[in-house]
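Asker: So that we are looking at the same thing, I have put the structure below in structure tokens.
The values are calculated or read from the model by the stated rules, or taken from the named source; none is laboratory data. No experiment lies behind these values; they were computed from the predicted model shown. Heads up, the Cβs are rebuilt from the backbone with ideal geometry, glycines too, and the neighbour counts pull from every protein chain shown. Heads up: the accessible areas ignore ligands, DNA and RNA and are worked out on the full protein's heavy atoms, side chains in. Shrake-Rupley method; radii C 1.70, N 1.55, O 1.52, S 1.80 Å.
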Amino acid sequence: MDDNMVRIYIMGKEYRVPSNLTILTAMEYAGYQVKRGAGCREGFCGACATVYRLEDDYKLRADLACQTKVEDGMFLAQLPFVPAQRARYDIDQLSPTVGVFQRLYPETFKCVSCNTCTKACPQDINVMDYVQAIIREDIERAADISFDCIMCGLCAMRCPAEIVQYNVAILVRRLYGKYLAPRSLHTEKRIEELNKGMWKKEVEELMSLSEEELKKRYKKREKEA
Amino acid sequence: MDLKGGYTNEMWQSIEKVEATRKSRVEKLHPAMSLEEGDALLKKYHPDYKEGNTRELRVGSSKGTSVVQEVVDLLEAYPRIDPDKIDLTKTDLETDILVIGGGGAGASAAIIAAESGASVTIVTKLRLGDANTMMAQGGIQAADKENDSPAIHYLDVIGGGHFRNIPELVKALVMDAPGVIGWLEDLGVMFDKEKDGTMITLHGGGTSRKRMHSARDYTGGEIMKCLRDEVQNHPDSINILEFSPAVELLLDEDGKVSGAILFNLETEEYLVARATSVIFSTGGFGRLHIQGFPTTNHYGATADGLIMGYRAGVKLVFMDTVQYHPTGAAYPEQIVGQLVTEKIRGAGAEPVNVIGEQFVYPLEPRDIEAASLIRECATGKGVETPTGMKGVWLDTPLIEMKAGKGAIEKGFPAMFRQNMRFGINITETPILVYPTLHYQNGGLEISDDCSTTVPGLYVAGEVSGGVHGRNRLMGNSLLGVLVFGQRAGRAATEYIKGVTPGKLSLKHVKKYVKELREIDIAEDKVAPMVLPDYTRKETKEKQLTTQYLGTLR
Ligand SMILES: Cc1cc2nc3c(=O)[nH]c(=O)nc-3n(C[C@H](O)[C@H](O)[C@H](O)COP(=O)(O)OP(=O)(O)OC[C@H]3O[C@@H](n4cnc5c(N)ncnc54)[C@H](O)[C@@H]3O)c2cc1C
Ligand code: SF4
Ligand code: SF4
Ligand code: FES
């Protein structure tokens, strides 16, 4: 076999593909037109969750199809949709407390600390840690650890306690951002000024200038160091 | 292939030269260009100025203007459906406001409209949030600090856009900006802040004040996830329909909006959606791979809204100019074209050539920065990759020399992680970059309330044109999608009061088809594209089914 080709098994069917492809581009090379299972194609959206196993290895692995290189002997299937539970809430009516989670996501508290979620996470997030932080009501820490979560669903699919970690995590981050993070006072102040009608005149004055005059002003701008 | 720290031996020879000059570059930046020098460089090296980049459009309301070739190919193509075949007397779905596109603009429009009491349906091609908005890393601009003002922001925007921007749209952008940031804080977006709540802000290319707000290097992702969560929290007023792209706008006999035709990607059925008002928020066109460039854009960025809106008579503006992001990944091959955020230059990384020399101020406006990189590579000062692609180094280790150890992992977790997957540690070695197709500068023509020449049609976000003139600055697009998404949501809610669309009609499409036939456009071309086609020629040659048989394609 050509050095640069590898064998992969897409849902059990064998294909030969160049070894420098990602799982996503390898599927396209093999002739699949992806409808579900691809979004950003850059590791930001979580649409391309994929589970795979390597030949002669019992271990089930999980990763993002758009960020993972194919390997010889890869048996893979995409997980284009996760039928996960999601609570509905009015964020304005909540408080950043553990009680919110007890009410909206009671299963969170059944975590058995098996760490399976952390092993499954393609973002290398310590998923178990953020679940545990929520249980301890450490909202700030949970928000911080879960920040890079792209909501791919792989953790939830493996969790024996059937926790939907990523939906819990978006709630924890929103609660932190809204209620615990310090408010930006300079933003508030500028909004108040604008509401009072300030700055309009300055902008409208610029709008009335000729292109030549605008260019002069543009060149004269002072740049903050 | 033997790799050390992710790179080949040949590449290491150049990296060593970069390392040798690094110390001397910590304190000293390459000087910025004057407007005149910038103009001259653009004419010589920017892809917009390349012969054959555009051609004259021969049909529709902007007939005679110059438009990028790949877009003309789609504008001069037939509808996916035969307008005579679809039964418009039966509707599959009814709603007050139909939002088409589930990125930042669409989600904000839907939230604002729903909060004002309208019934909203948001339809999207992939999943809600599978969008360019989710991928924005660097940040969002707003003049909300003491030393800054909306007027200074205005000047930066309009200078960056080469003084061609539509002034009313720029005014809306800069005046609404602080309010948008406050709104996002209210929704729970975790901005980067000091302990006292002061926003940590950086420069972006072409800014005169540090007004780039961020959420690590997942700014758009953080915003999009909060917006999506909020949309999903309104099940009584917002109906979400995924994998159902719109393929045609519907008007009534008087030319008012009356809905859209949707395509169920799975069952391949076309559905009729009736709506009093339609908001286009379908995003950009990166997946058209203008001039063969790789792109940073998401899978569904195929200019669909542009095509549908144009067929309905909305004019195009600035469709002869395209934004190439100066720094797309040029290596390793798996991530070629993917974005290396500008924020990384804001934080201290700089481009250097094959022999470790500085050649450009790291934060020029994007078109100028991109043209400088292209110049280096075209004049033999680029680095060649094993696949023959050229690029220049982006010297990332400088960041920690300037800001201290740990600054990269803390500020750029996405970038760090992505490179580590390929064995490249960006705290120790530079990365190889080359310009990549990034943003649709132009688009459908709108007023400052997002209305168009078609009553009831509102357009917001990357699909619209004019806000950024001929070149957009970093951080103003995320801002624009939120400002104009909100405005579209508000204006559409006002519009629907007291309006009832009449009989659904595709008359405008039939008229457009007639125009196409009059200039003998071949019948085998259809648009909108919906998804790019990455099937290999070899596969296609074997897909020989002559006719559809049942549902087996
Ligand atoms: C990698 C990357 C990084 C970026 N970084 C920054 C940054 O740091 N700062 C900044 O200001 N800007 C940045 N930008 C630009 C900015 O993110 C986008 O311009 C902006 O988010 C576009 O928002 P939108 O809502 O208009 O479109 P999108 O967010 O792209 O949303 C469009 C939506 O419409 C859907 N759609 C398309 N066609 C149809 C159809 N026919 N029917 C139904 N749905 C359809 C799409 O699938 C998608 O869901 C970046 C862009 C990219 C790609
Ligand atoms: S935490 Fe779960 S959903 Fe989030 S990225 Fe990791 S595996 Fe995916
Ligand atoms: S997989 Fe589930 S039970 Fe196991 S540690 Fe993670 S959250 Fe807890
Ligand atoms: S396609 Fe978005 S993460 Fe892979």
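Asker: Just in the stretch A:1-92: which trypsin sites (Lys or Arg not before Pro) are loop by DSSP and have at most 13 other Cβ atoms within 10 Å?
Answerer: Of the trypsin sites (Lys or Arg not before Pro), the ones in loops of the stretch A:1-92 whose Cβ has at most 13 other Cβ atoms within 10 Å are A:Lys59, A:Arg88.
Asker: Under the Karplus relation 6.51 cos²θ - 1.76 cosθ + 1.60, θ = phi - 60°, what is the ordered set of whole-Hz ³J(HN,Hα) values for the stretch B:421-438, x standing for Gly and Pro?
Answerer: 4, 10, x, 9, 9, 6, 7, 10, 10, x, 10, 9, 10, 7, x, 9, 5, 10
Asker: Where the only charges are on Cβ atoms (+1 Lys, Arg; -1 Asp, Glu), what is the dipole of the protein assembly as shown about its Cα centre, to the nearest 20 debye?
Answerer: 240 debye
Asker: Please work out the FRET efficiency for the pair A:Glu188 and A:Arg136, using the Cβ-Cβ distance as r and a Förster radius of 45 Å; give the result to the nearest 0.05.
Answerer: The pair A:Glu188/A:Arg136 has a calculated efficiency of 0.90.
Asker: Still on this structure, I have one more. Using the beta-carbon distance between A:Val112 and B:Lys195 and R0 = 30 Å, what value does 1/(1 + (r/R0)^6) give for FRET efficiency, to the nearest 0.05?
Answerer: Calculated transfer efficiency: 0.25.
Asker: Now for a separate question. From a point 7 Å beyond the Cα of A:Ala77 in the direction of its Cβ, which residues of the stretch A:14-35 have a backbone N at a distance under 17 Å?
Answerer: Flagged as within label range: A:14-15.
Asker: By the scheme Lys and Arg +1, Asp and Glu -1, what is the net charge of all other residues having a beta-carbon under 9 Å from that of B:Asp156?
Answerer: Computed value for this residue: +3.
Asker: Counting each DSSP H run of 4 or more residues in chain B as -39500 (n - 2.57), what helix-only mean residue ellipticity at 222 nm follows after dividing by all residues, to the nearest 500 deg cm²/dmol?
Answerer: Theoretical 222 nm ellipticity from helices: -9500 deg cm²/dmol.
Asker: Please calculate how many Å² of accessible area the stretch B:401-450 carries per residue, with a 1.4 Å probe and no DNA, RNA or ligand atoms counted.
Answerer: 35 Å²
Asker: Obtain the nm distance between the two label points defined at A:Ser210 and B:Glu268 by a simple spin-label model: each point lies 7 Å from its Cα along the Cα-to-C-beta direction.
Answerer: Calculated label separation equals 6.2 nm.
Asker: Run through all the Cα pairs of the protein assembly as shown and give the fraction in each 20 Å bin from 0, expressed as whole percent.
Answerer: 16, 52, 30, 2
Asker: What is the Cα centroid distance between the stretch A:4-59 and the stretch B:191-219, reported in whole angstrom?
Answerer: When both Cα centres are located, 37 Å separates them.
Asker: How about B:Lys511: which lysines have a C-alpha closer than 24 Å to its C-alpha, ignoring those fewer than 8 places off in the same chain?
Answerer: Cα-Cα hits under 24 Å: B:Lys63, B:Lys85, B:Lys90, B:Lys256, B:Lys315, B:Lys503, B:Lys525.
Asker: Now, a different point. Per the 1.4 Å probe, what fraction of the accessible area of the stretch B:470-553, in percent, lies on carbon and sulfur atoms?
Answerer: Carbon and sulfur together cover 54 percent of it.
Asker: Let me ask something additional. May I ask which residue of B:Gly404, A:Val34, A:Tyr15 lies farthest towards the positive end of the charge dipole of the protein assembly as shown, with charges of +1 (Lys, Arg) and -1 (Asp, Glu) on Cβ and the Cα centre as origin?
Answerer: B:Gly404
Asker: Further, regarding this structure: For B:His468, tell me the accessible area in Å² from a 1.4 Å probe, rounded to the nearest 10.
Answerer: Surface open to solvent at B:His468 totals about 10 Å².
Asker: For the stretch B:159-199, which GluC sites (Glu not before Pro) pass both filters: DSSP loop (anything but H, G, I, E, B) and at most 12 other C-beta atoms within 10 Å?
Answerer: Of the GluC sites (Glu not before Pro), the ones in loops of the stretch B:159-199 whose Cβ has at most 12 other Cβ atoms within 10 Å are B:Glu194.
Asker: Please give the residues from the stretch B:391-424 for which the solvent-accessible area of heavy atoms, probe 1.4 Å, is smaller by at least 40 Å² with all protein chains in place than with the chain isolated.
Answerer: Correct list: B:Arg417, B:Arg421.
Asker: Now for a separate question. What lysines does A:Lys110 reach when the alpha-carbon gap must be under 24 Å and sequence neighbours fewer than 8 apart in one chain are set aside?
Answerer: Partners within reach: A:Lys119.
Asker: Same structure, new question: Compare the peptides B:187-193, B:539-545, A:207-213 by average per-residue count of other Cβ atoms within 10 angstrom and give them in order, highest first.
Answerer: The peptides rank, most packed first, as B:187-193, A:207-213, B:539-545.
Asker: Along the positive direction of the dipole of chain A (beta-carbon charges: Lys, Arg +1; Asp, Glu -1; about the Cα centre), which of A:Leu76, A:Ala142, A:Thr187 reaches farthest?
Answerer: Highest projection toward the positive end goes to A:Thr187.
Asker: Another question about this same structure. Which whole-number value in Å² is the accessible area per residue of the stretch B:229-271, probe 1.4 Å?
Answerer: Ligands and nucleic acids excluded, the result is 34 Å² per residue.
Asker: Let me know the mean shielding of B:295-308 by other chains, meaning the per-residue number of their Cβ atoms within 10 Å of its Cβ.
Answerer: 2
Asker: State, in square angstrom and to the nearest 100, the accessible area buried between chains B and A, both chains counted, probe radius 1.4 Å.
Answerer: 7600 Å²
Asker: Roll a 1.4 Å probe over the protein chains and send me the accessible area per residue for the stretch A:91-180 in Å².
Answerer: 39 Å²
Asker: Turning to a different aspect of this structure: Pairs A:Lys219/B:Lys23; A:Lys220/B:Lys343; B:Lys50/B:Lys343; A:Lys178/B:Lys343; B:Lys343/B:Lys410: which exceed 20 Å Cα-Cα?
Answerer: A:Lys219/B:Lys23; A:Lys220/B:Lys343; B:Lys50/B:Lys343; A:Lys178/B:Lys343
Asker: Could you tell me how far the Cα centroid of the stretch A:168-217 sits from the Cα centroid of the stretch B:362-400, in Å?
Answerer: So the two Cα centres are separated by 34 Å.
Asker: Now a separate question. Which residues' amide hydrogens lie under 5 Å from the amide hydrogen of B:Ala301, considering only partners 5 or more residues apart or on another chain, with H built in the peptide plane?
Answerer: B:Arg287
Asker: In the protein assembly as shown, what percentage of the DSSP-assigned beta bridges are antiparallel, given to the nearest 5?
Answerer: Around 70 percent of the beta bridges assigned by DSSP in the protein assembly as shown are antiparallel ones.
Asker: Return the single residue from A:Ile191, A:Ile150, A:Ile91 with maximal mean-square fluctuation; model: Gaussian network over chain A, springs between Cα atoms under 10 Å.
Answerer: Per the Cα network of chain A with a 10 Å cutoff, A:Ile191 tops the list.
Asker: Oh, and also: From the phi of every residue in the stretch B:349-366, what ³J(HN,Hα) in whole Hz does the Karplus formula 6.51 cos²θ - 1.76 cosθ + 1.60 yield, where θ is phi - 60° and glycine or proline is x?
Answerer: Here the 3J(HN,Hα) series is 6, 9, x, 9, 8, 4, 9, x, 9, 5, 9, 7, 5, x, 10, 6, x, 4 Hz.
Asker: Another question about this same structure. Considering only DSSP beta bridges whose two residues both sit in chain B, what percent are antiparallel, to the nearest 5?
Answerer: 60 percent
Asker: Report the chymotrypsin sites (Phe, Trp or Tyr not before Pro) located in the stretch B:445-553 that are in a DSSP loop and have at most 13 other Cβ atoms inside 10 Å of their Cβ, or state none.
Answerer: Within the stretch B:445-553, the qualifying chymotrypsin sites (Phe, Trp or Tyr not before Pro) (loop, at most 13 other Cβ atoms within 10 Å) are B:Tyr548.
Asker: Grab the DSSP H runs of chain A that are 4 residues or longer, score each as -39,500 (n - 2.57), total them, divide by all residues and round the 222 nm result to the nearest 500 deg cm²/dmol.
Answerer: -9500 deg cm²/dmol
Asker: At what distance in nm do the modelled label points of A:Tyr89 and A:Glu224 sit from each other, each positioned 7 Å from its Cα along Cα→Cβ?
Answerer: Placing both labels 7 Å beyond Cα along the Cβ direction yields 3.4 nm.
Asker: Tell me the label-point distance for the pair A:Arg7, A:Val98, using the 7 Å Cα-to-Cβ offset, in nm and rounded to one decimal.
Answerer: 5.3 nm
Asker: Can you send over the carbon and sulfur percentage of the accessible area for the stretch A:91-180, probe radius 1.4 Å, protein chains only?
Answerer: Heavy-atom surface of the stretch A:91-180 belonging to carbon and sulfur, 1.4 Å probe: 45 percent.
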